[in-house]
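> Below: one structure in structure tokens.
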Amino acid sequence: MSSSSAAASGSADSTAARRNTKRPKYSKFTQQELPACKPILTPRAVISVFLLVSVVFVPVGVASLLASRKVVEIVHRYDAECIPPSNSSDKVAYIQNSSVDKTCKITLKVQKHMKSPIHVYYQLDNFYQNHRRYVKSRNDEQLRDSSKWDSTSGCKPEDMANGKPIVPCGLIAWSLFNDTYVFSRNNKNLTVNKKGISWKSDRDHKFGKNVFPKNFQNGSIIGGAHLNDSIPLSQQEDLIVWMRTAALPTFRKLYGKIEMDLNEGDTISVTLKNNYNTYSFSGKKKLVLSTTGWLGGKNDFLGIAYLTVGGLCFFLAMAFTIIYFVKPRQLGDPSYLSWNRNPGGH
Amino acid sequence: MKRYVYINDDESSHDLYCDNRISNRKYTVLNFIPKNLWEQFSRFMNQYFLLIACLQLWSLITPVNPASTWGPLIFIFAVSATKEAWDDYHRYLSDKKANEKEVWVVKNGIKKLIQAQDIHVGNIVWLRENDEVPCDLVLIGSSDPQGLCYIETAAMDGETDLKTRVIPSACMGIDVELLHKIKGVIECPTPDKDIRRFDANMRLFPPFIDNDICPLTIKNTVLQSCYLRNTEWACGVAVYTGNETKLGMSRGIPEPKLTAMDAMIDKLTGAIFVFQIVVVMVLGIAGNVWKDTEAKKQWYVLYPDKGPWYELLIIPLRFELLCSIMIPISIKVSLDLVKGLYAKFIDWDDQMVDLETSTPSNATNTAISEDLGQVEYILTDKTGTLTENKMIFRRCCISGIFYGNENGDALKDVELLHAVSSGSPDVVQFLTIMAICNTVIPTQSKTGDILYKAQSQDEDALVQAAARLHMVFFNKSGNILEVKFNNLILQYEVLETLEFTSDRKRMSLVLKDCQNGKILLLSKGADEAILPYARTGQQTRNFVEAVEQYAHLGLRTLCLAWRELREDEYREWSLMFKEANSTLVDREWRVAEVCQRIEHNLEVLGVTAIEDRLQDGVPETIETLRKAGINFWMLTGDKQNTAIQIALSCNFISPEPKGQLLSIDGKTEDEVRRSLERVLLTMRITTSEPKDVAFVIDGWALDFALNHYRKAFTELAILSRTAICCRVTPSQKAQLVQILKSCDYRTLAIGDGGNDVRMIQQADIGVGISGREGLQAARAADYSIGKFRFLKRLILVHGRYSYNRTAFLSQYSFYKSLLICFIQIFFSFISGVSGTSLFNSVSLMAYNVFYTSVPVLVSVLDKDLSEETVIQHPQILFYCQAGRLLNPSTFAGWFGRSLFHAIVVFLISIHAYAYDKSEMEEVSMVALSGCIWLQAFVVAMETNSFTILQHLAIWGNLAGFYAINWIFSALPASGMYTIMFRLCRQPSYWISIFLMTAAGMTPILAIKYFRFTYRPSKINTLQQAERLGGPIVSLGTIEPQPRPLIEKDVSTLSITQPKIRNPVYEPLLSDSPNATRRSAGTPFDFFQSQSRSSLPNYSRNCKDN
């Protein structure tokens, strides 16, 4: 068979042969011929993208920054001043001495009008709730289900006290924060609403309504707060908040809400019980009163970052435009192919 | 070491030598599991994952659920073990079939039918026509009265012609019945793989002729896997059996092939592993220090005062597990998946289907497609691979008249037909020689058609052509040849046959014309073996021209000549010939010398031209692939001249002056050494010139070169882009592959016959042509294609895409695992260096399995350049060959990118979610979402062509991420309960995510754009050209278009080129049949060479960059 006839017959019977079972089935996918769009980075497209990003990001950044600036925040560190001067040489001994009354009074000055609700946080610095030993030291089953009261796996070393399982077990519960604050303005008590400070989902599903503390803080070492044995865990909101472990060593936890506006110039006196030991690891304790905006608390980061990225994109767009005009370059110029330029090779 | 084979002795040799059981199996039922596991665990990656999986069982240190590692690990192992088992089972089945084939063997003096596996050394095996030889035999009997038998050795050396084998002189004339009882001893060497040599002795015991030791050569043997042809029966003594036969010895166990890319990935994995160890050690030490200084003060952590003895190890091991995701376990699974798909694309490819036989291409080995894109050397067989292996008589020149020049087919040339019918004596004589001057045996089929059984395809073509021209050779009975010419029956009696040898390069017959009793000498042979012996006075210039002209067209030429012998001249010579034929020493030489005495004074009649047609598209394919920087070596069992012819006609070597062909030859070691040194010297000099230098070497010289001058030859191999190796054995082919491989070149071997099997198995990639010589090569190969021209598509399209895709996929896999790992590492700095995992088990597992693997898997559809562009600019392949897309520096880029993205994600997460929002689960999900968004954009940015599937995968995956997390957030039992719903309602979440995406992607976009526009790679330039439309047209015209070389107008042939002669080289081309004389050294003229843009040193130089 000559080549021409082979080719001719080949094309002629190609449709017939396609039906042949030996031949692969033809489809756009199997032939890698799916229609495709093939964008390339043309100067116009790239510069537009950068401009678009900057146009979007700068306003968003301004809005975020404004939102953050609108939030009024009072931060007061009290761990140092609440140690009596006589005990300042050995703070740890003071804090660990349970017989001493640790009441401490501080005053906060409201610099700017604060709209209700005002969140009251305590802030701990240098406290590693995310430590590998700490973060896993809990048993979710036990917290949820009263019938699983004796399941304490993962809670070591705070799983058993006096040979009985602890409810709630684990280091997190055991080290529950136990400073308390009482607020008053002009000698009038400011009520702090401690209801609803935890996540609803936690109250409803993570902490059982009929799970009661048992055998808690009965061990040889007392960690943090005690719990009222007659209140179910689902209503122990301080515990629930505390057990939402923080990812960072500096964190704030909601203590309560003041549902009342605070006026500029108001002086708020706080009577607090300085019980919690942060002195042994030189952690700071701060009391924070803050309003909230649409982005949450006071945090300039997002606004600044947005402005930076937007500005940078704008700068890049400008730079590329200038380069484009100063040094235009034809795309796909075949003379850039070295083999066209120099047939001898490289 | 010698082996003594006692013929027909049923007892003594049974225990000494193995039986004839062939086994290619790797495993047995018992050792499968341990051996397979052992093999799998010899891979570093598997050891690593096993270690990690074991460590995860220790709950004290594990950050995540151990199932996340065990599941994939067991799955991977099970898959590869099943595959191995399946393959081995098939090997077992084919062995079994061969072993249980029934053969006739003499046992205790009686001929019995037994299974082939029960043959023992010393047994007498009987073969009938067309039987396959079950083991290596020494012939002792044959149906032929002269003790001849014919065998086909295609399975062994790929040569399809029939070979004669003869029974040893000692066994000559033994009665058939007595053969059963023959006793004796054969002294032969221990088994080796040399299929050309068998130096043994045989002595028969009384009552058989017991005079002397009878020497045996390879001529007296039939080897395993040959076929008995044209011989009614033959019998022989088994000397080598089972896996100890010559074929069995040369059948190496094919090693599993690892692509260069896999090796690179392994290397990078090793580097990452080292990096990981460093990180683990640093963090481990830091963690222990922190624990001792800080954590003791952190009373709420409640560290015991005294820990267990292994306390110091706990933190480093935790980090080890935390960082173990740095090496993605998913990479093996995804690579296997995409590799399977690459192979499927090859199977499916509609443009690689051989339409004649409608055989699609097939990728047997699914694991090495990337290597196709990195091929640097192609070693190709000639016959059947480059050519069709169909010899067709095309043209002839009789007495100075050219026939067939007009239409390319002499059989249809009116003038020739006219000359035949008018009975022109020269033409008739010419046809007679064509018809009978050969060793062809005509047989008549039942339908009356005449079939020819020829030892050589050329002879077959000549006889067939003569028959078409009414000179029908129809019967051979004994020494009488009968020819029918125009209904006239002519009879000739063969008096002597002067056989063809490669030294003489001609064969002759002495015969008596029964019509008039004249004694004639008919000769045919290569021009240099015939034309010098023309009768004085005859002008041979015509024939020289004809030969040259035909050779330029790539035709194989033979000169035909004859003369009449006087009665007394013949008588005298006949005696000498008989004597020479019975000499024991130097018989071949003596015979040749005697033949010389009669083969002179010839009346040259003309020249025949036979075409072994090149397959369609071979020159174009070679041209394109050479442009792509691939070097070609031709390894053939064929003659040097033919090989050079074909090489020229298919662009393999350029004709002078552009190309230069250097020859390495010599009969002795010393000659070879000198020749090799000379060629090497020339090579070194010319290597800087843009010149195609090639060398030619034959099997003999190659043997010396490989065994004694391996170093010099290796250097030559590196310097030379092209080589032609003729008359090479299968194992030499494999050795050549080995040499190139040892120089770290990626080799592709392509062949079609059984003789190519070893080379195919040895090479990095073996491609088999499922052609005329059977399917052996195709079965042993990694890829089988129908035609040589598909190689272009296989390499440039499939190989290149596979390489590009795997390059992206593997680096991306590392990128994504490093990204999440870096975040974990950063997080450990703010979590007291205690080894806390920021992400929960579900997220970590799903990250590798769902979130990041789906988008990257569709990158198998990505095409950076269209197929047409790649074919048009094959040079672009060098990016793959030089490994430009996957190497430590590109990897460093991805490493840097993951570090950068990790910093972006981490910093933004912890700052945006600080203070009251720093809840563990939320921060973790914010960081994870940031990673996923960045992933999507990274894949999108690295994708060159978006099909609907890619869009679906990339953006669908992003949506899928939210869907999966919403599902988990809806389950009260999961740790993530309500988290995702909460986050999605927070504006700060979305603002953070967009910030991460923009901050992560804009610098990358800027860099990419800058590179793309101002520092474009060749790929970028072509992309721009291709997608912006316009310039691609001009590109096409700039490129020199390859034109078919072969059908050039004949008139240009006589253009002589000025010679640039370098005294260092020996112009080998003059050795080819179209040149006049070797010694004369006359200029050798080729037709004007094409303007080809060849790129010598292209890949090499670029690689050094």
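> Has the stretch A:106-114 got at least one residue that is in contact (Cβ under 8 Å) with a residue 40 or more places away in the chain, in contact with a Cys (Cβ under 6 Å, 6 or more places away or on another chain) and away from chain B (no Cβ under 14 Å)?
no
> Starting from residues that are of a type in the set (S, T, Y), in a helix (DSSP H, G or I) and in contact (Cβ under 8 Å) with a residue 40 or more places away in the chain, keep the ones in the stretch B:897-932 and report whichever is surrounded by the most Cβ atoms within 10 Å (Cβ to Cβ). So that I can check it myself, show each step before the final result.
Taking the stretch B:897-932 first, the residues of a type in the set (S, T, Y) are B:898, B:909, B:913, B:915, B:918, B:924, B:929.
Next cut, in a helix (DSSP H, G or I) only: B:898, B:909, B:915, B:924, B:929.
Those still in the list that are in contact (Cβ under 8 Å) with a residue 40 or more places away in the chain too: B:898, B:909, B:924, B:929.
Working: B:S898: 26, B:S909: 30, B:S924: 23, B:S929: 26.
Applying the filter and picking the extreme gives B:S909.
> Could you go through the stretch B:637-659 and let me know if any residue there is crowded, with 24+ Cβ neighbours inside 10 Å, modelled with pLDDT of 85 or more and among the aromatic types (F, W, Y).
No, because not a single residue in the stretch B:637-659 is crowded, with 24+ Cβ neighbours inside 10 Å, modelled with pLDDT of 85 or more and among the aromatic types (F, W, Y).
> Going by what's in this entry, would A:L171 be described as facing chain B (nearest Cβ under 8 Å), under 18 Å from A:D238 (Cβ atoms) and touching a helix residue (DSSP H, G or I) at 6+ places or on another chain (Cβ under 7 Å)?
Values: facing chain B (nearest Cβ under 8 Å): yes; under 18 Å from A:D238 (Cβ atoms): yes; touching a helix residue (DSSP H, G or I) at 6+ places or on another chain (Cβ under 7 Å): yes.
Spelling it out, A:L171 is indeed facing chain B (nearest Cβ under 8 Å), under 18 Å from A:D238 (Cβ atoms) and touching a helix residue (DSSP H, G or I) at 6+ places or on another chain (Cβ under 7 Å).
> For the stretch A:191-209, indicate whether the set of residues that are within 26 Å of B:F319 (Cβ to Cβ), in a loop (DSSP other than H, G, I, E, B) and assigned by TED's automatic domain parsing to the domain that holds A:L239 is non-empty.
First, pick out the residues of the stretch A:191-209 that are within 26 Å of B:F319 (Cβ to Cβ): none.
Taking every residue of the stretch A:191-209 in turn, none turns out to be within 26 Å of B:F319 (Cβ to Cβ), in a loop (DSSP other than H, G, I, E, B) and assigned by TED's automatic domain parsing to the domain that holds A:L239.
> When you go through A:K200, A:K188 one by one, which is the residue that is more than 30 Å from the chain's Cα centre (by Cα), of a type in the set (D, E, K, R) and exposed (fewer than 15 other Cβ atoms within 10 Å of the Cβ)?
Values: A:K200 fails: more than 30 Å from the chain's Cα centre (by Cα).
Going through A:K200, A:K188 in turn, just one is more than 30 Å from the chain's Cα centre (by Cα), of a type in the set (D, E, K, R) and exposed (fewer than 15 other Cβ atoms within 10 Å of the Cβ): A:K188.
> Taking the conditions exactly as written (surrounded by 22 or more Cβ atoms within 10 Å (Cβ to Cβ), β-branched (V, I, T), touching a residue at least 60 places away in the same chain (Cβ under 8 Å) and within 12 Å of chain A (Cβ to nearest Cβ)), does B:I876 satisfy them or not? Let's see the steps before the verdict.
Working: surrounded by 22 or more Cβ atoms within 10 Å (Cβ to Cβ): yes; β-branched (V, I, T): yes; touching a residue at least 60 places away in the same chain (Cβ under 8 Å): yes; within 12 Å of chain A (Cβ to nearest Cβ): yes.
Yes: the conditions hold for B:I876.
> Further question on the same structure: Is there a residue in the stretch B:662-672 that is under 30 Å from B:A780 (Cα atoms) and at pLDDT 85 or above? Break it down into steps so the answer makes sense when it comes.
Taking the stretch B:662-672 as the starting set, the residues that turn out to be under 30 Å from B:A780 (Cα atoms) are none.
Taking every residue of the stretch B:662-672 in turn, none turns out to be under 30 Å from B:A780 (Cα atoms) and at pLDDT 85 or above.
> For the stretch A:289-312, how many residues meet the condition of being buried (at least 18 other Cβ atoms within 10 Å of the Cβ), within 8 Å of chain B (Cβ to nearest Cβ), among the hydrophobic types (A, V, I, L, M, F, W, C) and not in a helix (DSSP H, G or I)?
Selection size over the stretch A:289-312: 1.
> Pick out the one residue from B:I750, B:I760 that is of a type outside the set (S, T, N, Q), touching a strand residue (DSSP E or B) at 6+ places or on another chain (Cβ under 9 Å) and part of a strand (DSSP E or B).
Numbers: B:I760 fails: part of a strand (DSSP E or B).
Unique residue meeting the criteria: B:I750.
> Residue under question is B:L791, and the condition is that it be under 30 Å from B:I871 (Cβ atoms), surrounded by 24 or more Cβ atoms within 10 Å (Cβ to Cβ) and more than 14 Å from chain A (Cβ to nearest Cβ); does it hold? Outline the logic, then answer.
Values: under 30 Å from B:I871 (Cβ atoms): yes; surrounded by 24 or more Cβ atoms within 10 Å (Cβ to Cβ): yes; more than 14 Å from chain A (Cβ to nearest Cβ): yes.
Yes: the conditions hold for B:L791.
> Can you name the strands (runs of 3 or more DSSP E) wholly within the stretch B:46-165 that have at least 1 residues being over 27 Å from B:D194 (Cβ atoms)?
On the way: elements: B:102-107, B:110-115, B:124-128, B:136-142, B:148-152.
Fully inside the stretch B:46-165 and qualifying: B:102-107, B:110-115, B:124-128.
> Which members of the stretch A:130-141 meet the condition of being of a type outside the set (V, I, T), closer than 21 Å to A:F281 by Cα and at the interface with another protein chain (Cβ under 8 Å from one of its Cβ atoms)?
The answer is A:N130, A:H131, A:R132, A:R133, A:Y134.
> On to the next question. What pairs come up if the first residue lies in the stretch B:981-995 and is under 15 Å from B:I932 (Cβ atoms) and more than 8 Å from chain A (Cβ to nearest Cβ), the second is buried (at least 17 other Cβ atoms within 10 Å of the Cβ) and of a type in the set (S, T, N, Q), and their beta carbons are under 6 Å apart, counting only those six or more places apart or on different chains?
From the stretch B:981-995, the pairs are B:I993/B:S929.
> Related question: So, in the stretch B:850-873, exactly how many residues are more than 28 Å from the chain's Cα centre (by Cα) and within 11 Å of chain A (Cβ to nearest Cβ)? I'd like the intermediate steps shown before the answer.
Filtering the stretch B:850-873 down to residues more than 28 Å from the chain's Cα centre (by Cα) leaves B:850-859.
Checking which are within 11 Å of chain A (Cβ to nearest Cβ) leaves us with B:858.
Qualifying residue count, the stretch B:850-873: 1.
> Among the residues of the stretch B:527-545, is there at least one that is among the aromatic types (F, W, Y) and within 36 Å of the chain's Cα centre (by Cα)?
So far as the stretch B:527-545 goes, no, none of its residues is among the aromatic types (F, W, Y) and within 36 Å of the chain's Cα centre (by Cα).
> Going through B:K344, B:K412, B:K390 one at a time, which residue ends up being in contact (Cβ under 8 Å) with a residue 60 or more places away in the chain and surrounded by fewer than 17 Cβ atoms within 10 Å (Cβ to Cβ)? Give the derivation first.
Values: B:K344 fails: in contact (Cβ under 8 Å) with a residue 60 or more places away in the chain; B:K412 fails: in contact (Cβ under 8 Å) with a residue 60 or more places away in the chain.
Residue meeting the stated conditions: B:K390.
> Oh, and also: How do the pairs read when you match residues in the stretch B:1004-1028 that are at the interface with chain A (Cβ under 7 Å from one of its Cβ atoms) and within 21 Å of B:V938 (Cα to Cα) with residues anywhere that are in a helix (DSSP H, G or I) and aliphatic (A, V, I, L, M), using Cβ under 6 Å and keeping only pairs 6 or more apart or on different chains?
Correct list of pairs: B:A1006/A:L316; B:Y1009/A:V46.
> From the list B:G400, B:G478, B:G448, which one is of a type outside the set (S, T, N, Q), loosely packed, with under 14 Cβ neighbours inside 10 Å, at pLDDT below 80 and farther than 20 Å from B:Y492 by Cα?
Values: B:G400 fails: at pLDDT below 80; B:G478 fails: farther than 20 Å from B:Y492 by Cα.
Just a single option satisfies the conditions, and that option is B:G448.
> A further question follows. Kindly list, by first and then second residue, each pair from a residue in the stretch A:41-54 that is facing chain B (nearest Cβ under 10 Å) to a residue that is not in a helix (DSSP H, G or I), limited to pairs with Cβ atoms under 9 Å and residues at least 6 apart or on different chains.
Filtered contacts from the stretch A:41-54: A:T42/A:L331; A:T42/B:L1028; A:P43/A:P328; A:P43/A:R329; A:P43/A:L331; A:A45/A:P39.
> Test B:V860 against the stated conditions and say whether it is buried (at least 21 other Cβ atoms within 10 Å of the Cβ) and either assigned to a helix (DSSP H, G or I) or in contact (Cβ under 8 Å) with a residue 60 or more places away in the chain (or both).
Working: buried (at least 21 other Cβ atoms within 10 Å of the Cβ): yes; either assigned to a helix (DSSP H, G or I) or in contact (Cβ under 8 Å) with a residue 60 or more places away in the chain (or both): yes.
Answer is yes for this residue.
> Could you tell me which residue of the stretch A:104-126 is surrounded by the fewest Cβ atoms within 10 Å (Cβ to Cβ), considering only residues that are among the hydroxyl-bearing types (S, T, Y) and touching a strand residue (DSSP E or B) at 6+ places or on another chain (Cβ under 6 Å)? Spell out the reasoning first.
Just the residues of the stretch A:104-126 that are among the hydroxyl-bearing types (S, T, Y), to begin with: A:107, A:116, A:121-122.
Now narrow it down to the ones that are touching a strand residue (DSSP E or B) at 6+ places or on another chain (Cβ under 6 Å): A:107, A:121-122.
Numbers: A:T107: 10, A:Y121: 23, A:Y122: 21.
Applying the filter and picking the extreme gives A:T107.
> Inside the stretch A:44-92, can you point out the residues that are part of a helix (DSSP H, G or I), assigned by TED's automatic domain parsing to the domain that holds A:N274 and touching a Cys at 6+ places or on another chain (Cβ under 9 Å)?
none
> Can you pull out the helices (runs of 4 or more DSSP H) entirely within the stretch B:486-587 that have at least 2 residues that are farther than 15 Å from B:V607 by Cα and modelled with pLDDT under 85?
Values: elements: B:527-530, B:541-552, B:567-582.
Of the helices (runs of 4 or more DSSP H) lying wholly inside the stretch B:486-587, those with at least 2 residues that are farther than 15 Å from B:V607 by Cα and modelled with pLDDT under 85 span B:567-582.
> I'd like the residue in the stretch B:132-146 that is of a type in the set (V, I, T) and in contact with a helix residue (DSSP H, G or I) (Cβ under 7 Å, 6 or more places away or on another chain) and, out of all such residues, is modelled with the lowest pLDDT. Break it down into steps so the answer makes sense when it comes.
Start the filter on the stretch B:132-146 by keeping residues that are of a type in the set (V, I, T), which leaves B:133, B:138, B:140.
Applying the additional criterion that residues be in contact with a helix residue (DSSP H, G or I) (Cβ under 7 Å, 6 or more places away or on another chain) yields B:138, B:140.
Working: B:V138: 90, B:I140: 87.
Per the criteria, the residue is B:I140.
> Tally up the residues in the stretch A:227-263 that are in a loop (DSSP other than H, G, I, E, B) and more than 18 Å from A:Q142 (Cα to Cα), please. Let's see the steps before the verdict.
Looking only at the stretch A:227-263, we keep the residues that are in a loop (DSSP other than H, G, I, E, B), and these are A:227-232, A:236, A:244-245, A:247-250, A:259-261, A:263.
Still in the list and also more than 18 Å from A:Q142 (Cα to Cα): A:247-250, A:259-261, A:263.
Matching residues across the stretch A:227-263 total 8.
The values are calculated or read from the model by the stated rules, or taken from the named source; none is laboratory data. This structure is a prediction, so every number in the text was calculated from the model and none was measured. With ideal geometry, Cβ positions are generated from the backbone for all residues, glycine too; neighbour counts draw on all protein chains shown.
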